Amino acid sequence: MTDVKPKAESQSDEAEGPDGGWGWVLVGAMFVSTSLVFGLMRSLGIFFVEFVQYFDESAQAISWISSTGLATQQFFSPLGAALCNAYNTRVVVMIGGCLAGLGLILASQATRLVHLYLTMGVISGLGWGLVFTPMVATVMANFTRRRTLALGLGFSSIGLSSFAFNPLFQLLVEKYAWRGALLILGGLSLNIVPCGALIRPQRRSKAPAKVDSETNPPRASLLQRVSSYLELSLLFERPYITYTLGVSLMNVGYFVPYFHLVAHSRQAGFSEYQAAFVMSAAGASDILGRVASGWFSDLGLFRLIHLLSMWTFLAGVFIMLLPVSSLSGSYAALMVISLLYGFSAGALTSVVFAVVPLIVGVERMMGGLGLLQLIESSAGLLGTPLSGFLKDVTGNYVASFMVSGGFLILATLTMATLPHFFSCRDPPPPQKRSLNDKDKGLHSELEQINSLPADTNHREEL
Amino acid sequence: MTASWKQLFFQILLLVFCRHINTKTPGPTPPPLVADSPLPTDVRSAILKGESHTEKVEVVNPVNLTLECTWAGNRDKQPNITGLWRKDGEEIENSLLMVQLENEQYNLRRVFNIVNEESLGNYSCLFGNEARIDFVLAAPHIGEVRDKPIVGYVGDTAVILCKMEESKPKPSTWNWYRTNGTNKEQILTAAEPHRYKIVNEGEKTKLLVHNLTEADSGSYYCAAVYPIGTTMGHVELKVITFFEPLKPFLAILVEVIILVAAILLYERSRSKKNYAAGNETNDQSNTLTQGENNESEGSSSMRQRKV
């Protein structure tokens, strides 16, 4: 991150806005919409007690509601990215907000559990998928030097809102029962629509592709256009695959402490109150880590990929240390390690997405993010059942924490195989390459779609 | 007088352990007799350290309960002190005796027949006027009952749950009551099977009320039936129409529409200003690139060619 870059970027033909100005408004919009997507998903646990009682189903069947919602959100992320590439980001996000709200409103009328799967799970999940990735990509496109800080501020909403939503949802359920509460939540989710309205249409960076394909219809067939909108070409590029693999490995172990830390603390002999407090403290340090890491990364002292590797490695180490500290019986040790784990876990989330444009270039960032979300989510689905299985087999959580930490360290090693990892300066980012391509005209677009291996050598900039 | 009372006391104890002995009951007022069929026995004891002490005793089945009180006495340890038993504040007849100081302690001990709900209550042993130990005899209390009202919607079904803690003994059965004015009426599912349904599962019970109407609002009581008696839990049901949550929902909907309209109108008014002023700059950007977007430093208000 040298001084030369911003000037060069301002002359580039990418829609990288200046840092600040309208970008901060978009950070605010991302703050609100992310809290209404993930913050809301995390607080749905309040409803589960009511659902178990009303529908007379097991807790397992009820927990499938939020699993379906999360899975649908991640599955449709590439679709959201592709639609933004093809059409207008603003319209996509606004439609996503409407769908998310509609799903919850319809859920308030459910008479059977299946209805909840379809409404809260599928419809709202689809809406969330159309909202999250486009908002993140838009914010990243609007910042260059302060990108990580903007992301950190935006993602901090997840932690903060789950603190606020838990008592709020409790209040709504007490006053209006789950039906009325879901209706009001649907209304709250509609607030994503004004967030989407704040996105200015010119922030799209896929405009040249559309222009080029319009002028050459016979060449750019529908399939090729779809694959270009989905950025499927990225799946053939080594840096992207390496990075996605690294992030997926990280995802396997990342969520395990969130699910098992409380149970593990109880098993180590601490009281229910102490265990819950450890969890809340880790959540608070997670929020702090996101913002602090965002600010620190933008100081430009280190390369983003190095910072990401460091945070991932630290998080892995601290996860492995968690069972060690609690087995020693000391509450202070458990608290300290949990705080450190929370901080590093939050720190790495700010950086994870910010690295993507450095690998794929800003104009392909939207599709890159969508595919990344899809692939990493399937890895995340493996992580918790695997750790649960290890716990059932061994009887305690030591093995599952060790394995999860191991996955994160493995992720660090994978990321170290990225090209140019060990150089001290960021190599020139790919968008400069695409600038030249666009000067050349149509050929670049078709090369991108059709013959990839040759071009990837040029694009291996990171 | 004291000797005969002691005799009586031992006779009762003996009767409890050996069925065949006849009790001759000298004295004007006979103490409560034991029942014909032998009851199980149990002992509860408490030691008083301060001014007073309360001990909770959970009773499930009828039992002959021996209550023992021990007091270490105060500074001036008198050799004799009066001992007295009370039930629910009222003195139990012929329970007054003189207690000797033994091993620096005063001991009071009495057997009570706990057979039905009237036998339950607050039993106190008093030493003189100074020390008292209370034994609160009761059937197991229902722990998990909602203190906030359960909300249901007109036409919907309400599920009211009562649960006895797992550590406590399970009741023989559950009954449900609802208040009608001041009376408690038992809910009988046989009378209205399409309206009420009771599901009993050991320590849990559920009352389902279908086709709610606003008249169904009120107090409901779940009663855990034990051989010794029943304990009640109170749950309140509130039936509301769907208009209640609809009001905040519509308020939020209006707020969302206003925000979206404001944002779009603001943008349109700015773009109109910039369109007129920025035509020349748009031409410049066209020559610079092949129709790609361009942003000038520090300002983001320029409207682009691509809408």
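Laboratory data are not the source of any read-out in this text; all were calculated from the coordinates shown. These numbers come from a predicted model, not from an experiment. Cβ: placed from backbone, ideal geometry, glycine included. Neighbour counts: every protein chain shown.
Rounded to the nearest 20 Debye, what is the dipole magnitude of the stretch B:150-240 about its Cα centre when Lys and Arg each give +1 and Asp and Glu each give -1 at the C-beta?
On the way: 10 positive and 10 negative charges, 33 e Å.
The calculated dipole for the stretch B:150-240 is roughly 160 debye.
So, by mean Cβ neighbours within 10 angstrom, what's the order for B:214-221, A:232-239 with the highest one leading?
For the peptides B:214-221, A:232-239, the packing ranking is A:232-239, B:214-221.
Per residue of the stretch B:164-171, in order, report the coupling 6.51 cos²θ - 1.76 cosθ + 1.60 (Karplus, θ = phi - 60°) as ³J(HN,Hα) in whole Hz, putting x for Gly and Pro.
Karplus values, whole Hz, x for Gly and Pro: 8, 4, 4, 6, 8, x, 7, x.
Within a 10 angstrom radius of each residue's Cβ in B:261-272, how many Cβ atoms of other chains show up on average? Whole number is fine.
2
Which FRET efficiency value, to the nearest 0.05, is calculated for B:HIS53 and A:THR394 with the Förster distance at 56 angstrom and r the Cβ-Cβ distance?
0.75
What does the structure give for B:152-165 when I average, per residue, the other chain Cβ atoms found within 10 Å of the residue Cβ? Walk me through the numbers before you get to the answer.
Working: counts 3, 5, 0, 0, 4, 2, 2, 5, 1, 1, 0, 0, 0, 0.
For this peptide, the per-residue mean of nearby foreign Cβ atoms is 2.
What whole number of Å gives the distance from the Cα centroid of the stretch B:99-161 to the Cα centroid of the stretch A:251-301?
Spelled out, the Cα-based centre of one part sits 45 Å from the other.
Residue by residue through A:173-179, how many Cβ atoms from other chains fall within 10 Å of the Cβ on average?
Other-chain Cβ atoms within 10 Å of each residue's Cβ, averaged: 6.
Could you derive backbone 3J(HN,Hα) for the stretch A:123-139 from the dihedral phi with the Karplus parameters 6.51, -1.76 and 1.60 (θ = phi - 60°), listing whole Hz in sequence and x where the residue is Gly or Pro?
5, 5, x, 4, x, 5, x, 6, 9, 5, 4, x, 5, 4, 5, 5, 5
Using alpha carbons only, how many angstrom separate the centre of the stretch A:28-64 from the centre of the stretch A:312-347?
27 Å
So what are the ³J(HN,Hα) numbers for the stretch B:91-103, from phi and the Karplus equation (6.51, -1.76, 1.60; θ = phi - 60°), rounded to whole Hz, Gly and Pro as x?
5, 7, 4, 6, 9, 6, 8, 9, 10, 8, 7, 10, 6
If packing is taken as the average number of other Cβ atoms within 10 Å across a peptide's residues, how do B:118-127, A:143-152 rank, most packed first? List each step's numbers first, then the result.
On the way: B:118-127: 19.8, A:143-152: 24.3.
Per-residue mean Cβ counts within 10 Å order the peptides as A:143-152, B:118-127.
Taking H as built 1.01 Å from N, whose amide H comes closer than 5 Å to the amide H of B:GLY83, not counting residues under 5 places away?
Counting only residues 5 or more places away or on other chains, the set is B:LEU97, B:MET98, B:VAL99, B:GLY128.
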